[in-house]
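One structure below.
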Amino acid sequence: MSSIFAVYSYSFYMGSIWIYNSFYNDIFGREYSAGDILGCFFGVVFGMFSMGMASPNIKAVAEGRVAAKMAYDIIDRVP
């Protein structure tokens with residue numbers, strides 16, 4: 001949970017810096033607005049959740065590699 005709150009705080013901190021210093025957004029041809037910052041915030045948050053949801057799948061792939069090694073060891077064994 002602390003990593004999620006750290007991402008929340010970092011994205012809002014950087015957004016407030018961009019708005020306060022009037023950074024120019026080259027994509028839209030204007031300065032950053034609150035809507036741009038919220039869009040960036042939700043992109044970061046959804047990315048963080050997606051990475052968290054990927055960990056069980058990575059674990060399953062690692063277990064499959066271990067099982068495949070055991071199967072290949074049995075196949076390669078000389079009778």
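The values are calculated or read from the model by the stated rules, or taken from the named source; none is laboratory data. Keep in mind that this is a model prediction, so the values were computed, not measured. Backbone-built Cβ (ideal geometry, glycine too); neighbour counts: all protein chains shown.
On the stretch given as segment 19-38, residues that are within 23 Å of residue 3 (Cα to Cα) and modelled with pLDDT under 85 total 2. Of the residues 3, 9, 55, the single one that is part of a helix (DSSP H, G or I), surrounded by fewer than 11 Cβ atoms within 10 Å (Cβ to Cβ) and touching a residue at least 40 places away in the same chain (Cβ under 8 Å) is 3.
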